[in-house]
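**Q** Here it is, the structure in full.
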Amino acid sequence: MSKASRGPTPGFLVWRLANKWRVAVDRAMAPMGLTHAQYVLVASLYGMQRTGERPSQRRLADHTGLEALYVSKLARALETSGLIERTRDPRDPRAVQLALTEDGTTVTRQAIEVVQDLLQQLLEPLGGLDDPRTHAFTAELTTLLDAPLAPPVPNDENTERHTP
């Protein structure tokens, strides 16, 4: 908490909400044999496949905001579970393309339904998924996610704070 504020900082609240969401999704996905991160991967892959895309691991990493190495690790585990298939991209032999298997599609559809129910519960205090407050909240989150954020460079005169 900031010395200047009497309540929690926005950063602390974002951290708490992100952790609350991660724990809830992890618990909901456990019976399906998925973690929250694996769910993010298969649900994103499901959405991309519905538009005809067969993304590379790199493309999926960029889409989800996960590190490429982590996506590779998750993809290998999901492949071992029979939920996705990994194949070499014929246009770039260094790239690996991902696709849901038939079982993966079935599990992902079920998982998406469960997470949609959780999301409705989370957003109920704002009026639910279709409420204008939820749309405004989503727009604000999008603004924050689109803003560049990099750690300050030590001894950089542009990032040092000066007091008058």
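**Q** Condition first: open to solvent by 30 Å² or more (accessible area, probe 1.4 Å), touching a residue at least 12 places away in the same chain (Cβ under 8 Å) and of a type in the set (V, I, T). Now tell me which residues in segment 36-58 satisfy that.
**A** V40
**Q** So for segment 46-57 (the condition being closer than 24 Å to A28 by Cα, of a type in the set (A, V, I, L, M, F, W, C) and under 15 Å from the mean Cα position of the chain (by Cα)), does at least one residue qualify?
**A** Within segment 46-57, one or more residues are closer than 24 Å to A28 by Cα, of a type in the set (A, V, I, L, M, F, W, C) and under 15 Å from the mean Cα position of the chain (by Cα).
**Q** So, restricting to helices (runs of 4 or more DSSP H) that lie completely within segment 59-164, which ones have at least 3 residues that are on the phi > 0 side of the Ramachandran plot, open to solvent by 100 Å² or more (accessible area, probe 1.4 Å) and of a type outside the set (A, V, I, L, M, F, W, C)? Break it down stepwise before answering.
**A** Details: elements: 68-80, 102-123, 132-146.
Ranges flagged: none.
**Q** A follow-up question, please. Mind listing whichever residues of segment 7-35 are under 24 Å from A111 (Cα atoms) and not in a helix (DSSP H, G or I)?
**A** G33, L34, T35
**Q** Sticking with this structure for a sec: Exactly one condition in (1) at pLDDT 95 or above; (2) within 21 Å of T64 (Cβ to Cβ) is false for R133; which is it?
**A** (2)
The values are calculated or read from the model by the stated rules, or taken from the named source; none is laboratory data. Small disclaimer: the values here were computed from a predicted structure and weren't measured. Please note: Cβ atoms are built from the backbone with ideal geometry, for glycine as well, and neighbour counts cover all protein chains shown. For accessibility, only protein heavy atoms count, side chains too; no ligands or nucleic acids. Shrake-Rupley method; radii C 1.70, N 1.55, O 1.52, S 1.80 Å.
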